[in-house]
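After the structure tokens below, expect a handful of questions from me.
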Amino acid sequence: MIDEIEDQIRTGFSVTNIPKGILKKFKHMCKEEFGDIYWVGISELLKIKQRYEEMSILLSSLQKQIDNLNKKMEVNNVKTTRTFG
């Protein structure tokens, strides 16, 4: 219960030394996508980061499987030969 209350407490937020171009893009994104509400923009960016991290783990696993299959094919000299005639 206390954690839920603490998650809802509002606080001021400031960012220093952010390039103007990045800030402009962020504000534009928030205005277009989230009704000009910055906290929603930050929340969505965090969700995207989490999804990216999950996908990168899956992609790494797929790449390892592909590499293993390629190694097996090389070891077995599996080549397709096509003849015409």
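Bear in mind that the values in this text are calculations on the coordinates, not laboratory data. Source: prediction; values computed, not measured. Cβ coordinates were reconstructed from backbone atoms using ideal geometry, including for glycine residues, and neighbour counts include every protein chain displayed.
Magnitude of the Cβ-charge dipole of the chain, K/R +1 and D/E -1, about the Cα centre, nearest 20 debye?
740
Moving on. Excluding residues on the same chain fewer than 8 positions from LYS64, give the lysines whose Cα lies under 25 Å from its Cα.
Filter leaves LYS49, LYS72, LYS79.
Summing Lys, Arg as +1 and Asp, Glu as -1, what charge do residues with Cβ under 15 Å from the Cβ of PHE34 carry, PHE34 excluded?
0
Still on this structure, please answer the following. Could you work out how far helix 38-75 tilts from the main Cα principal axis of the chain, as a 0 to 90 degree angle to the nearest 10?
10
Express in nm, to one decimal, how much length is gained between GLN8 and PHE84 on full extension, taking 0.36 nm for each residue of separation and deducting their alpha carbon distance.
Between GLN8 and PHE84, full extension yields an extra 20.2 nm.
Any idea what angle helix 20-34 forms with the longest principal axis of the chain, computed on alpha-carbon atoms, 0 to 90 degrees, nearest 10?
90
What is the Cα convex hull volume of the chain when expressed per residue in Å³?
265
Still on this structure: Only loop residues by DSSP count here, and only those with at most 14 other Cβ atoms within 10 Å; note down the trypsin sites (Lys or Arg not before Pro) in the range 1-72 that meet that.
Here the trypsin sites (Lys or Arg not before Pro) that fit, given the DSSP loop and packing criteria, are ARG10.
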